[in-house]
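Notes for the one structure printed next.
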Amino acid sequence: MSGTKRKIKYEWILVIALLAMLIVSCKEETVTIPEGFGPIDIPSPGFFWLVQPWKDGKLMTIDGWGRFAEIIFMGPDKIRLNQLFNFPRTSLDRTLLTWPEAGLIAGTSGKVHHIIAVDEQKTKSHVPLLSWVHLESPPVLLDAGEGLVGYKYASQRSNDDVRRKLFVYNYKEDRMVYESPEEGFVIGISIVINDQFALSFQGSFNGNHKEFKYIFYNWRTEEIVENDLTKAINSNRIDLIINPLRNIHPARRYLFGYSRILNKRLKITWDEEYSDIKIILLDYLLPKGKRLDDFILSADGTWGTSLVKGYQGLYNEMLCKRAFFHLDDRYPNGISMPVITEDYEDSPWDYSAFVEHPVHGLCFAQEWHKNENEKDQLYLRLYRMDSVLDEINKGLLEAAQAISKR
């Protein structure tokens with residue numbers, strides 16, 4: 001068979017498979033979920049804790065001395081840890097954020113914020129707001145070019161618990177450049193969504209009840225904008241947990257959230273004008289009784305992973321498994337069928353990341369523990385996205401064959 005004929009045949013198989021998947025989706029059933037593809041477990045040469053994306057085919061973590069450290073791949077099955085600036089060298093909270101495009105790393109210990117600006121060769125530990133009535137939120141990168149990061153605080157006092165504080169710090173110049181007003185500031189910034197606005201939420205009182213709504217906010221000018229996207233989020237009462245590459249990819253114009261009205265996990269897409277809103281319920285992707293959690297995304301936004309909840313252990317304990325999705329317009333609703341792993345996981349807040357491995361290509365990496373000889377052994381676990389894509393294509397072909405036999 002010639003190359004052209006093979007290509008045409010493959011394209012027709014793909015069309016039939018996608019049509020089959022769409023038919024199954026409309027019936028609110030589920031396709032057969034492939035399992036069994038194996039992970040790669042790489043023994044760790046030392047202690048590490050939490051994994052986040054980094055640049056140049058590396059990962060960022062925290063080592064056993066409380067320092068920010070790179071995970072560097074040495075061939076197909078070895079890694080080494082490389083600490084950065086021997087900093088902060090303290091007991092850190094379970095918070096690690098990275099912005100590879102800015103060379104920025106952030107973590108906290110109590111009231112103290114720690115950051116490394118790698119490209120500027122600068123480190124900083126400081127307390128923007130020493131307050132026992134405010135809760136600290138994870139920082140947000142506001143402007144990588146200028147070197148601006150925002151520190152966010154929310155009041156816990158019952159009579160003004162929508163009041164917030166925002167500090168903007170220039171890490172390139174080591175100076176605080178903005179502090180929100182003492183009174184009346186009720187806006188929390190989630191993530192910068194374009195060169196003018198950040199997706200944010202605004203608090204208010206309606207009688208004795210606290211209300212929040214999502215807005216576009218420009219902290220430089222204090223301009224507030226509402227559009228079709230924010231209206232869709234607010235009308236469906238969607239909860240958004242947003243950090244870098246978690247649940248939202250502004251460049252590819254989609255986000256994942258949980259609707260309190262529908263009690264369902266969903267995906268929202270929009271166009272370049274923040275209109276043409278599409279809301280996709282994700283129930284059809286999973287077997288009955290299972291539900292998705294938050295999504296971790298690859299840097300280019302073409303891959304996502306979420307924990308699948310609803311499994312029970314021998315003692316009725318709640319367990320979960322991991323699902324991978326290919327996010328591409330060739331699939332109905334821009335999301336593939338899931339590929340679900342075999343191993344159970346128990347992770348209340350998932351610090352894992354996609355990474356471009358020098359040998360295995362794009363992989364998903366996570367901290368993994370095994371009990372061996374009555375000792376806890378630490379590994380870096382990798383799942384290859386090439387293998388996941390093979391499983392997806394195989395599942396599509398099986399779905400198409402099943403439809404053709406009906």
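Whole-Å semi-axes of the stretch 192-243's equivalent ellipsoid, largest first, each the root of 5 times a Cα gyration tensor eigenvalue?
On the way: eigenvalues 77, 38, 20 Å².
In descending order, the three semi-axes are 20, 14, 10 Å.
Return the long-range amide H neighbours of Ile191 (sequence gap of 5 or more, or a different chain), with a cut-off of under 5 Å between placed amide H atoms.
Leu199
Under a plain spin-label model, where a point goes 7 Å from the Cα along Cα-to-Cβ, how far apart in nm are Glu223 and Leu135?
So the label points at Glu223 and Leu135 sit 3.2 nm apart.
Which Rg and Dmax, in Å, describe the Cα atoms of the chain?
22.6, 75
Using 7 Å Cα-to-Cβ label points, what is the Ser204/Met74 separation (nm, one decimal)?
In this crude spin-label approximation the distance works out to 5.9 nm.
Efficiency by 1/(1 + (r/R0)^6): what FRET value for Asn86 and Lys375, r their Cβ-Cβ distance, R0 = 35 Å, to the nearest 0.05?
Numbers: r = 29 Å, r/R0 = 0.82.
Using R0 = 35 Å, I get an efficiency of 0.75.
Per the Kirkwood formula on distinct C-alpha pairs, the Rh of the stretch 251-406 is how many angstrom? Don't skip to the answer; put the middle values down first.
Details: mean 1/r = 0.0578 Å⁻¹.
In the stretch 251-406 this quantity evaluates to 17.3 Å.
Which ordering of Trp99, Trp132 is given by a fewest-first count of other beta-carbon atoms within 10 Å?
Numbers: Trp99 21, Trp132 6.
Exposure proxy ranking, most exposed first: Trp132, Trp99.
Lys and Arg at +1, Asp and Glu at -1: add these up for the other residues within a Cβ distance under 13 Å of Lys278 and post the number. Kindly include the intermediate steps, with their values, before the conclusion.
Values: positive: Arg253, Lys267; negative: Asp228, Asp271, Asp276, Asp329.
Net of charged neighbours comes to -2.
Find how many whole Å separate the alpha carbon centroid of the stretch 213-287 from the alpha carbon centroid of the stretch 69-145.
Using only Cα atoms, the two centres lie 27 Å from each other.
To the nearest 20 debye, what is the magnitude of the charge dipole of the stretch 141-264 about its Cα centre, counting +1 on the Cβ of each Lys and Arg and -1 on the Cβ of each Asp and Glu? All intermediate terms of the calculation are to be shown ahead of the outcome.
Details: 17 positive and 16 negative charges, 132 e Å.
Using only the charged Cβ atoms, the result is roughly 640 debye.
So for the chain, taking the charge dipole from beta-carbon charges (+1 Lys/Arg, -1 Asp/Glu), which of Gly188, Pro332, Pro43 sits furthest toward the positive end?
Sorting the options by dipole projection puts first Pro332.
Taking H as built 1.01 Å from N, whose amide H comes closer than 5 Å to the amide H of Trp303, not counting residues under 5 places away?
Amide H to amide H, under 5 Å and 5 or more residues apart or across chains, Trp303 pairs with Ser298, Leu327.
So what is the relative contact order for the chain, in percent, with contacts set as C-alpha pairs under 8 Å and at least six apart?
After rounding, I find 16 percent.
Quick check for me: using +1 on Lys/Arg Cβ and -1 on Asp/Glu Cβ, what's the dipole size of the chain about its Cα centre, in debye to the nearest 20?
Computed charge dipole of the chain: roughly 760 debye.
How high is the FRET efficiency between Lys213 and Tyr315 when r is their beta carbon distance and R₀ equals 51 Å, given to the nearest 0.05? List each step's numbers first, then the result.
Numbers: r = 42 Å, r/R0 = 0.83.
So, using R0 = 51 Å, E works out to roughly 0.75.
Could you list His326, His113 in order of exposure, starting from the residue whose Cβ has the fewest other Cβ atoms within 10 Å?
On the way: His326 20, His113 24.
Exposure proxy ranking, most exposed first: His326, His113.
Please say if the stretch 282-323 is rounded, prolate or oblate, where rounded means a/c under 1.5 for a ≥ b ≥ c the square roots of the C-alpha gyration tensor eigenvalues, and otherwise the choice is prolate for a/b larger than b/c and oblate otherwise?
Working: a/c = 4.04, a/b = 1.95, b/c = 2.08.
Because a/c hits 1.5 or more and a/b fails to exceed b/c, the stretch 282-323 counts as oblate.
Each reported figure results from applying straightforward, stated rules to the coordinates on display, with no laboratory input. Just so you know, these numbers come straight off a predicted model, no measurement behind them. Every residue, glycine as well, gets a Cβ built from its backbone with ideal geometry; the counts of neighbours run over all protein chains shown.
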